[in-house]
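Trainee: Pasting a structure below so you can have a look.
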Amino acid sequence: DSFNAEPTLVVSAPGRCNLIGEHTDYNEGFVMPFCIARTTVIAARRLPGSRCRVTSANEGKGIVHEFVGDATLKPVDDYTNYIRGVVYQYLKDLPGGVCGFEAAVLSNVPLGGGLSSSASVEVAIGTMIEGLYDLTVTPTEKALRCQKCEHDFCDTPCGIMDQFISACGKSGHALLIDCRKPYPTEHVPIDDPDLALVIANSNVKHKLSGSEYPDRVRQCKEACAAMRSAGHADVRFLRDATLEQLASAKGIDPVVAARARHVISEDQRTLQAKEALKARDYRRVGALMVESHRSLRDDYEVSTVELDTLVEIAMTVEGVFGSRMTGGGFGGGAPAPPRRSVSPVAAATMAPTLETLRFLSPDTAREIRQKYGSPLYVYDEKTLKQQAASSLAFPNAYGLTVRFAMKACPNSAILQIFDNMGLHIDASSSYEVRRAIAAGVAPERISLSSQELASDLGELLDMGIKYNACSLRQLRAFGELRRGARGDQLGVRFNPGLGSGGTGKTNVGGPSSSFGIWHELMPEVKAIIDEYDLEPARVHTHIGSGSDPAVWTRVSGLSLGLCEQLPTVRVLNLGGGYKVGRMSGEKSTDLQTVGAPVKEAFEQFAQRTGRELALEIEPGTFLVANAGALLSTVQDIVTTGEQGHSFLKLDAGMTELLRPSLYGAQHPLVLVSADASAPAATEPRSYIAVGHCCESGDLVTPAPDQPEVLQPRELAAAAVGDICVVEGAGAYCSSMSTKNYNSFPEAAEVMVDAAGEPHLVRQRQPLEQIWQNELPFKSTA
């Protein structure tokens, strides 16, 4: 209507929401946005010459902006800069270097909401010009031209993400963008029908062309300069940096360091989120999103009170996996993806997926509880042997030793099963060494790697154990006991400078970890070796739980580099840390997948050095996690009203299952009716499961990686007396608990053999044993 003419072309371009990867694009890092169902639509026709006329329905009817579309184009003080700048980028392709058109613009992408309304306009204008002038421009080139518009006409030194996703996005997929030329991309599916991406608007407008955004760009450049001054010449952008390199930049401004810490860690989170999405591990994606928000809030300082509140509220809603702010910050929106649909319509048509029993049947669970009581742990011999066989098939070039990390579950029955299958033992204390020997394991099949220097180290070495020195002091202590030693007893554990794990509490590599000798202390290691005339046979590294395959492969390369510096080393121990999917939908590490590139790296090392290294691995969780369950009883059900929660009170808790309280670990819960003749519950209920300790932190169903946040769980309708089976309880449960808190006795342990018969392998602790070592006290006062 504004031009009294019919358009000859209608084009559109979407807005976007960034799932994760914030403020990384202009640091040449990684981002992972997705297109949203909000677009900019432009109806246009070509005009002869260089007359450009634009009207926007968002601005108001009848307002028309005119400008000359030629090389004289300059920025002005209104929204048409997003149009002028794109026109300017296309002039080189147009006849006579001029552009003329009439265009009506309509956008329903919220302005200033962090959803890239500006890039949507820019990409739509670029598409319009291509259509009017019959140009062929690749989506990548179009995105880069639109980015140049932001830089030159809008005074915003943005990265490539916004324009890239608007130009290159694909329905049902997020787009992982490597923001370093040539800008490779990967479409990552987010089309799971049980997955919804929800965006909430804080209604706080943001404007990236203010001082805050350029300040952040400048601070990132300052951080790179500081690291280059510290000797890291290859750090051109924060994409090139590691956290340990940042830590080495002495004298760096604390604010600048915080900005860099966010970007470096955000790149890692983005790559981990890609893998988790591909594996449909939505809980992991959600946890990474929450970590991202905290980093944006605390280190990058771009959040607002309103955004923080939105995120906090989202994480209290049943079914939400994660939430974070999106956009440049200082306002905008907060996506709460991924989450199971919880809108009234979706919830009415979509039944939640309930967890199921792994190796037990309802009848077996009832039988075991009736015979041995509850709470108690149950292990499955068949599953243990299957996992052991899988570990023994780990790809290797020149020999393999699999050591069970016995700290995961040290019951003698389990140690004996693995010993009989040919597995060796990884012990974390001298006490574990003696426990394994008591179970019948030969000392020469036991390797000790401990935080604490064993007071009886000499005696243990006399028995024939293997020993990995985990500090310079420990290496020196071995030298004092075994000067001039040869053979295969001595190994050296290094911290290779890189870590991996679901939380900081499961990460045992990198500059924030005390485990092992820091890799830069190799000269001190060599000096001690020379002083005591030692010949270490092993290098040992371990990075933590989680097992991101890319990180694990990189660590193997770093570790081989350490071996190259110690010519007597014949064995490389890469530890464990293989991720195990406990919850339904979570995938476990495929040992063949992570092992293949490691085998290749060993072969390349042999070709380069002439040394064929044997491989050791130390799985713990991988072997036993899903081979164990905790049987508990629902001993009470309470409610805090319509606005509160329904709580299942179990007769177990942090005295048997500390992982949820410690770091927000997720365990499947399955309710089994106490009455075998009762009909199966058809309608699930929402519950918070809590333990029996007089402790507010005794929580069985926290939010992922957030032990203080309640997370309702969809379960079958429960009754007092029902059995609650906590699956995935074979690792770090019986061995890692707040034993005897509130004077609860230690739980019994049962092994179900390959024929399905249960055997008691540890009695319930007699109550008197709790205080049997206490002595009478008589005051002399």
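The values are calculated or read from the model by the stated rules, or taken from the named source; none is laboratory data. Quantities reported herein were computed from a predicted structural model and do not represent experimental measurements. Note: ideal-geometry Cβ built from the backbone for every residue, glycine included; neighbour counts use all protein chains shown. In case anyone asks, the SASA skips ligands and DNA or RNA and just uses the protein heavy atoms, side chains included. Shrake-Rupley method; radii C 1.70, N 1.55, O 1.52, S 1.80 Å.
Trainee: Would you confirm whether or not segment 735-749 contains a residue that is over 36 Å from the mean Cα position of the chain (by Cα) and part of a loop (DSSP other than H, G, I, E, B)?
Mentor: No - not one qualifying residue is present in segment 735-749.
Trainee: Could you list all residues from segment 181-198 that are in contact (Cβ under 8 Å) with a residue 24 or more places away in the chain, in contact with a strand residue (DSSP E or B) (Cβ under 9 Å, 6 or more places away or on another chain) and assigned to a loop (DSSP other than H, G, I, E, B)?
Mentor: TYR183, ILE190, LEU195, LEU197, VAL198
Trainee: Consider only pairs whose beta carbons are under 9 Å apart and that are at least six residues apart or on different chains; among these, list those whose first residue lies in segment 589-616 and is assigned to a loop (DSSP other than H, G, I, E, B) and whose second residue is open to solvent by less than 10 Å² (accessible area, probe 1.4 Å) and polar (S, T, N, Q).
Mentor: THR589/SER547
Trainee: Oh, and also: Six or more apart or on different chains, Cβ atoms under 6 Å: show the pairs whose first residue is in segment 149-165 and under 19 Å from PRO75 (Cβ atoms) and acidic (Asp, Glu) and whose second is modelled with pLDDT under 85 and in a helix (DSSP H, G or I).
Mentor: Final answer for the pair search is none.
Trainee: Would you mind telling me which numbered condition in (1) touching a helix residue (DSSP H, G or I) at 6+ places or on another chain (Cβ under 9 Å); (2) more than 25 Å from HIS187 (Cβ to Cβ); (3) modelled with pLDDT of 90 or more MET315 fails?
Mentor: (3)
Trainee: Of all residues being surrounded by fewer than 20 Cβ atoms within 10 Å (Cβ to Cβ) and out of contact with any helix residue (DSSP H, G or I) (no Cβ under 6 Å at 6 or more places or on another chain) in segment 415-429, which is nearest to LEU400 (Cα to Cα)? Just the residue, please.
Mentor: GLY422
Trainee: Follow-up question, since we're still on this one. How many of the residues making up segment 690-708 are of a type in the set (S, T, N, Q) and open to solvent by 30 Å² or more (accessible area, probe 1.4 Å)? Don't jump to the end; show me each part of the working.
Mentor: Within segment 690-708, the subset of a type in the set (S, T, N, Q) is 696, 701, 706.
Narrowing further to those that are open to solvent by 30 Å² or more (accessible area, probe 1.4 Å): 696.
Adding up the residues that qualify gives 1.
Trainee: For segment 544-574, which residues satisfy the criterion of being at pLDDT 90 or above and either within 17 Å of the chain's Cα centre (by Cα) or of a type outside the set (A, V, I, L, M, F, W, C) (or both)? It would help to see each step written out before you state the result.
Mentor: Filtering segment 544-574 down to residues at pLDDT 90 or above leaves 559-574.
Selection gives SER559, GLY561, GLU564, GLN565, PRO567, THR568, ARG570, ASN573.
Trainee: Can ILE83 be described as in a helix (DSSP H, G or I), under 30 Å from ASN201 (Cα atoms) and open to solvent by less than 10 Å² (accessible area, probe 1.4 Å)?
Mentor: Numbers: in a helix (DSSP H, G or I): yes; under 30 Å from ASN201 (Cα atoms): yes; open to solvent by less than 10 Å² (accessible area, probe 1.4 Å): yes.
So ILE83 passes the test.
Trainee: Has segment 324-343 got any residue that is at pLDDT below 85, out of contact with any Leu (no Cβ under 8 Å at 6 or more places or on another chain) and surrounded by fewer than 17 Cβ atoms within 10 Å (Cβ to Cβ)?
Mentor: Yes: one or more hits.
Trainee: What's the number of the only condition in (1) within 30 Å of SER584 (Cβ to Cβ); (2) open to solvent by less than 60 Å² (accessible area, probe 1.4 Å); (3) among the hydrophobic types (A, V, I, L, M, F, W, C) that ALA143 fails to meet?
Mentor: (1)
Trainee: Right, something else. For residues that are under 23 Å from PHE321 (Cβ atoms) and open to solvent by less than 40 Å² (accessible area, probe 1.4 Å), scanning just segment 710-723, find the one that is modelled with the lowest pLDDT.
Mentor: Taking segment 710-723 and keeping what is under 23 Å from PHE321 (Cβ atoms), we get 710-716.
Narrowing the set further to residues that are open to solvent by less than 40 Å² (accessible area, probe 1.4 Å) leaves 711-713, 715-716.
Details: GLN711: 84, PRO712: 87, ARG713: 88, LEU715: 92, ALA716: 91.
That would be GLN711.
Trainee: Among the listed residues GLU459, GLU480, identify the single one that is in contact (Cβ under 8 Å) with a residue 12 or more places away in the chain, at negative phi and open to solvent by 20 Å² or more (accessible area, probe 1.4 Å). Give the derivation first.
Mentor: On the way: GLU459 fails: in contact (Cβ under 8 Å) with a residue 12 or more places away in the chain.
Unique residue meeting the criteria: GLU480.
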